[in-house]
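What follows is a single structure, written as structure tokens, with notes after it.
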Amino acid sequence: MRVTKKELSRKKAKAILILETQGLSYDDWLAQKYEELFDQSEETIRQALAYFKEKKNPK
């Protein structure tokens, strides 16, 4: 089920309020979440780059 823009906006506003009460920045928190996703996806990223390299430079 897709999230509507209105629902996403409400969720973001709620997250910002929660983070502010904890003395945290939404942007810093979001950047951290991106880093966590990249770290968790390291193997997938590596495989995709290897596949791209192989297709670009076939033997």
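No value in this document is a laboratory result; all are computed from the given coordinates. Since this is a predicted model, take the numbers as computed values, not measurements. Because the Cβ atoms are built from the backbone with ideal geometry, glycine has one as well, and the counts that use them run over all protein chains shown.
Numbers at a glance
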| quantity | calculated |
| --- | --- |
| Fully extended contour minus Cα-Cα distance, from Gln47 to Ile16, at 0.36 nm per residue | 7.7 nm |
| Positive-end residue, the chain charge dipole about Cα centroid, Cβ charges, pick of Leu17, Trp29, Tyr51 | Tyr51 |
